[in-house]
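Input: a single structure, listed below in structure tokens.
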Amino acid sequence: MRALVLGTGLIGTSVALALRERGWRVWLLDADPAAARLAADLGAGELLPPQPEPADVAVLAVPPAAVAAALAGAQARGLARYYTDVASVKQLPLARARELRCDLACYVPGHPLAGREKHGPAAARADLFLGRPWALCPAPETSERATEVVTALARACGATPVPTDAASHDRWVALVSHAPHLVAAAMAARLEAAPAAALGLAGQGLRDVTRVAAGETGLWTQILTANAAPVAEVLAAVAADLAEAARTLEAGEDAGEKSVAALLERGQAGVARIPGKHGGAPREFAAVQVVIRDQPGELARLFNAAGAAGVNIEDVRIEHSPGLPVGVAELSVRPAAAGPLLDALQAGGWPVRR
């Protein structure tokens, strides 16, 4: 299979790297030639030649407002037989593509739900999409063959294709992606003028809540304004919950404790509904905490020790100790494996927290 990736930022270059690992031939094109060259140097593919033969599929990895124009331009040049995009909203690109009279029969709007707070080709990873959902939103005009080809591309990247329609997609991502980004930004904004002494107490919880707030401002402004109404609806509901919590806490009412507890319990219930590993049903895991030194090779040694004990690590997170050359690695494992793993690590000289 031959693919053209138009736009060599984080997502486009990650798509290219993933396809290259599966043996696809990939051509690269970007409005910034330096970005395309860097992606090529990273092994993501070859620069698009002046007179290329048509690719099987073109991936338009450009911001939402640029998708329709990129599609029209690529179709006018005959760069590919089928086309898709990776924008975080779907109704806007599709509506503008219709306005530009693009050929929608060969276009499948798409959106891989994966990313990082970093951007640019240097941040790209071939495994970015492994096990992640990839929304596919074919229009009524889209051909069955176009959908098959783009579905194959998503699977080649290691993702799980999720068929839906553009309107449903935009409502859903407002809840699970776009509004959470603004909530994280609002919390992170409280830290801008925070005293250094307060920030010195920051733990992993704050980092978890604010991590995505480091995303690229220009791109996220486009995404949020393009999906304004569904995002605003979610934000209004979140704001109402927080305003009620603030009111009852400030008033010190006896009912305030029950109100806050109810919100916390609803939050726990919501977290429990988030799909687990590989998109499956949520599973219960036990946390095994291990003190590790902040030096090269320590994580590799720890993973090898877990492997030697026959334990699969389902997830890992690291919390560094401020001012100290050590940290705590929290390994998530199946509950039945926690005891044997603790015993094996302790026998191997690892400082563990029971």
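Every read-out reported here was derived from the displayed coordinates using simple, explicitly stated rules and does not represent laboratory data. The structure presented is a predicted model; accordingly, all values stated were derived computationally and were not measured. Heads up, the Cβs are rebuilt from the backbone with ideal geometry, glycines too, and the neighbour counts pull from every protein chain shown.
Overview of results
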quantity	calculated
Computed helical MRE - 222 nm, the chain, DSSP H runs ≥ 4 contributing -39500 (n - 2.57), nearest 500	-14000 deg cm²/dmol
Mean Cβ neighbour count within 10 Å, used as a protection proxy, ranking 231-238, 2-9 highest first	2-9, 231-238
At 1.002 mPa s and 20 °C, Stokes D of segment 286-353 from Kirkwood alpha-carbon radius, µm² per second	180 µm²/s
Integer Hz, Karplus 6.51/-1.76/1.60 couplings in order for segment 61-68, x for Gly and Pro	9, 10, x, x, 5, 9, 4, 4
Using alpha-carbon coordinates, inclination of helix 217-226 to the longest axis of the chain, degrees	70 degrees
Local electrostatic count at residue 107 - Lys and Arg +1, Asp and Glu -1, tallied over other residues with Cβ under 9 Å	-3
Per-residue Cβ neighbour rank within 10 angstrom, fewest leading, 285, 129	285, 129
Directionally averaged projected area (convex hull, Cα atoms, segment 133-173), nm²	2.8 nm²
The chain - share of DSSP beta bridges that are antiparallel (%, nearest 5)	45 percent
Gaussian network model of the chain, Cα within-10 Å springs - most flexible of 222, 268, 289	268
Per-pair calculated FRET efficiency, R0 = 56 Å: residue 274 and residue 103 via Cβ, rounded to 0.05	0.90
Positive minus negative residues near residue 1 (Lys, Arg vs Asp, Glu; Cβ under 10 Å)	+2
Chain lengthening between residue 141 and residue 127 when straightened (0.36 nm per residue, less Cα-Cα)	1.8 nm
0 to 90° range, to nearest 10: angle between helix 10-21 axis and the chain longest Cα axis	80 degrees
Binned Cα-Cα distances of the chain, short to long, each 20 Å bin given as a whole percent	25, 51, 24, 1
Residue-count net charge about residue 171 - beta-carbon cut-off 14 Å; Lys, Arg +1, Asp, Glu -1	-2
Chain lengthening between residue 301 and residue 22 when straightened (0.36 nm per residue, less Cα-Cα)	97.5 nm
Rounded to 10°, Cα long-axis angle of helix 298-308 versus longest principal axis of the chain	90 degrees
For segment 170-272, the spread of Cα positions along each principal axis, largest first, Å	44, 36, 26
Residues with amide H under 5 Å from that of residue 46, placed H, sequence gap 5 or more	26, 27, 28
Space enclosed by the convex hull of the alpha-carbon atoms of segment 2-165, per residue, Å³	95 Å³
Highest-first arrangement of 206-217, 10-21, where packing means the average Cβ count within 10 Å	10-21, 206-217
